[in-house]
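The values are calculated or read from the model by the stated rules, or taken from the named source; none is laboratory data. All of these numbers come straight from a predicted model, not from anything done at the bench. Note that each Cβ is placed from the backbone with ideal geometry, even for glycine, and that neighbours are counted across all protein chains shown. We work out accessible area using only protein heavy atoms, side chains counted, and drop any ligands, DNA or RNA first. Shrake-Rupley method; radii C 1.70, N 1.55, O 1.52, S 1.80 Å.
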Amino acid sequence: MFSILGELAGVSVLDLFAGSGALAIEALSRGASRATLVDSSASAIAAARRNLETLGLDADVRRQGVLPFLRNAAVQRRHYDLVFVDPPYRHASSLSDELGAALEPVLTPDARVVCESDRRAPLHLAPATFSPLAERIYGDTLISIYGSR
C-alpha cells in the first residue's frame with residue numbers, strides 16, 4: 001500500500017479505526033508531519049499509545065467514535081492530506097454513505113483516502129465526492145485508494 005502512495009513527506013494523516021496505530025506509525029516513519037489516530041476501543045488506544053511511545057513518535061491519539069470525531073473535526077476546520085479507514089470488516093459496507101459524507105469536509109483538496117475492507121463486503125466511497133485511484137486485492141482484503149474531488 002505504501003509503495004502505491006509514494007512520497008509522504010509533510011502530509012497530515014488521519015487514521016480512523018486505528019487499532020494498534022500501525023498505518024499512522026508507518027506514515028510517520030515515511031515523513032508524514034503529523035498524525036491523528038482515532039478508535040473507540042480502550043485497548044486499541046492503549047496499544048497505539050504504547051507503540052508510539054516505544055518508537056519515540058508523537059501523535060494525537062483519541063478514544064472516540066469515528067463519526068463524532070469527524071463531525072467535530074469539521075467544526076474545528078481540521079484538514080488531512082491522507083486518511084486511512086480500516087473499520088472492522090463486519091461494519092465496513094454499512095458505513096460507506098455516512099462515512100463518505102463525514103470525511104468530505106476534513107479533506108484537503110488533494111487528499112487521498114485509503115480504505116481497507118473485506119472484498120466480499122467492500123467499503124466504497126461515493127463517486128460524486130471521491131475518485132477511485134487504485135484498487136488491490138490481497139486474499140480476502142480489498143484496498144481501495146480514493147482522491148477527493
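Numbers at a glance
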item: Mean-position separation - Cα centroids, region 1-37 and region 128-147, in angstrom; result: 17 Å
item: Accessible area per residue in Å² at 1.4 Å probe, computed on the chain; result: 49 Å²
item: Surface/4 estimate of mean projected area, convex hull on alpha-carbon atoms of the chain, nm²; result: 8.1 nm²
item: FRET efficiency estimate (nearest 0.05) - Cβ-Cβ, Ala9 to Thr54, R0 25 angstrom; result: 0.60
item: Over the chain, relative contact order from alpha-carbon pairs under 8 Å, at least 6 apart, %; result: 19 percent
item: With every protein chain in place, region 42-149: carbon and sulfur % of accessible area (1.4 Å); result: 49 percent
item: Over region 1-58, relative contact order from alpha-carbon pairs under 8 Å, at least 6 apart, %; result: 36 percent
item: Segment Phe2-Asn72, extension gain: residue separation times 0.36 nm, minus the distance between their alpha carbons; result: 22.4 nm
item: Share antiparallel - DSSP beta bridges, the chain, percent rounded to 5; result: 45 percent
item: Structure-based [θ]222 nm, the chain - -39500 (n - 2.57) summed over DSSP H runs of at least 4, per residue, nearest 500; result: -10000 deg cm²/dmol
item: log10 of Debye I(q)/I(0), alpha-carbon scatterers only, for region 1-74 at 0.17, 0.20, 0.26, 0.28 Å⁻¹; result: -0.59, -0.80, -1.17, -1.26
